[in-house]
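Trainee: Okay, handing you the structure first.
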Amino acid sequence: MPSFEELKVFTGNAHPELATSICSYLNIPLGESKIFKFSNDNTFVQFSENIRQRDVFLVQPFSAPVNDSIMELLIMIDAAKRASAGRITAVIPYFAYGRTDKKDQPRVPITGRLVADLLTTAGAERVLTIDLHAGQIQGFFNIPVDELTALPLLSRYIKDKELKDPVAVAIDIGASKRARNMAERIEASLAIMEKRRVDNNDNAEALNIIGEVSGHTALTVDDEIDTGSSLLSTINTLLAGGVTEVYACCTHGVLSGGAADKIAASPLKELVITDTLPSSHKKLNGKVTVLSVAPMLGEAIHRIHSGLSVGSMFE
């Protein structure tokens, strides 16, 4: 039985389409709220309906402008707490600053931990997210974190394409576990790309391929694609290594700057992403396929509200 009263789902301005799709899956109306900026750039939030003792889920991926999305969610959490919500769950399909999860240079922050502290201090009592950049980010929180994965969704789509002699390619060493899991699901071999990050501007250089790729159809696997520099470098290295075609998949299609145009002009056959982030028409060129995570998030929200296991969704 649910521990709290009526389930309520609200959205910020980051990705209202995803929240609407989640509510369609749950067969409930999207909660009404007012969220806007005053002329002085201050954010205003007001829930337009009673949420006292309700089980409140706030949907807000940290999409561009990232800092505005984060601040908006923090204010929504505070407003819900002061309106006596029974429980507040922050639904963050894409957790920005996830790359800043450790001190890998002198005198730099661990911003992923900072954002986790801000969410907890604001009053979030639970976090629901998808494919964090690094698993240890869960440990930044002192509240429960449910991390879902889009791997089953992506692998089903890829397997249905029946690629010839597929090889799953980890875009770097850090993505090797994700690529191995994909390889098992689509019955492919595994290769790992060794790369070197040149600077702090997302410039990367592919150095070597660990594994056999010649004569295979390559599928690169990563959690997110931002500027696309790592992907483009990997594509060129794989083609030079003798692969017949290159496909790519990731959970979060950030595609910042001119990434979409670069990918459209590249030899890549297809890029498969999910809708954890909103995609403009410019980003959705003929090479980009978007799969919806709304049913998965909706099911997880239903299970959290009902006190059921979330982990059993993937068993």
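The values are calculated or read from the model by the stated rules, or taken from the named source; none is laboratory data. Predicted, not measured: the structure shown is a model, and the values here were computed from it. With ideal geometry, Cβ positions are generated from the backbone for all residues, glycine too; neighbour counts draw on all protein chains shown. In case anyone asks, the SASA skips ligands and DNA or RNA and just uses the protein heavy atoms, side chains included. Shrake-Rupley method; radii C 1.70, N 1.55, O 1.52, S 1.80 Å.
Trainee: Could you say whether any residue in region 85-103 is modelled with pLDDT of 95 or more, on the phi < 0 side of the Ramachandran plot and assigned to a helix (DSSP H, G or I)?
Mentor: no
Trainee: State yes or no: is residue 44 modelled with pLDDT under 95 and either aromatic (Phe, Trp, Tyr) or assigned to a strand (DSSP E or B) (or both)?
Mentor: Spelling it out, it is not the case that residue 44 is modelled with pLDDT under 95 and either aromatic (Phe, Trp, Tyr) or assigned to a strand (DSSP E or B) (or both).
Trainee: Based on this model, can you work out whether residue 13 counts as open to solvent by 90 Å² or more (accessible area, probe 1.4 Å) and either over 30 Å from residue 308 (Cβ atoms) or of a type in the set (Phe, Trp, Tyr) (or both)?
Mentor: For residue 13, the condition - open to solvent by 90 Å² or more (accessible area, probe 1.4 Å) and either over 30 Å from residue 308 (Cβ atoms) or of a type in the set (Phe, Trp, Tyr) (or both) - is met.
Trainee: Looking at 233, 292, 229 in this structure, which one is touching a helix residue (DSSP H, G or I) at 6+ places or on another chain (Cβ under 7 Å) and either over 30 Å from residue 7 (Cβ atoms) or open to solvent by 20 Å² or more (accessible area, probe 1.4 Å) (or both)?
Mentor: Only one candidate qualifies: 292.
Trainee: So which residues in region 295-310 are open to solvent by less than 30 Å² (accessible area, probe 1.4 Å) and either in contact with a Phe, Trp or Tyr (Cβ under 6 Å, 6 or more places away or on another chain) or more than 17 Å from residue 9 (Cβ to Cβ) (or both)?
Mentor: Within region 295-310, 298, 301 meet the criteria.
Trainee: Taking region 135-183, which residues are over 15 Å from residue 219 (Cβ atoms), open to solvent by 80 Å² or more (accessible area, probe 1.4 Å) and without any contact (Cβ under 8 Å) to a residue 24 or more places away in the chain?
Mentor: Matches in region 135-183: 142, 173, 177.
Trainee: Follow-up question, since we're still on this one. Yes or no: residue 29 modelled with pLDDT under 95, surrounded by fewer than 21 Cβ atoms within 10 Å (Cβ to Cβ), part of a loop (DSSP other than H, G, I, E, B) and not hydrophobic (A, V, I, L, M, F, W, C)?
Mentor: no
Trainee: Residue check, residue 122 against (1) among the small types (Gly, Ala, Ser); (2) surrounded by 21 or more Cβ atoms within 10 Å (Cβ to Cβ); (3) at pLDDT 95 or above, all met but one. Which one?
Mentor: Of everything listed in (1) among the small types (Gly, Ala, Ser); (2) surrounded by 21 or more Cβ atoms within 10 Å (Cβ to Cβ); (3) at pLDDT 95 or above, residue 122 misses just condition (2).
Trainee: Give me a count of the residues in region 199-234 that are charged (D, E, K, R) and at pLDDT 90 or above.
Mentor: Final tally of qualifying residues: 5.
Trainee: Open to solvent by less than 50 Å² (accessible area, probe 1.4 Å), small (Gly, Ala, Ser), in a helix (DSSP H, G or I) and in contact with a strand residue (DSSP E or B) (Cβ under 7 Å, 6 or more places away or on another chain): does that describe residue 116?
Mentor: Criteria not met by residue 116.
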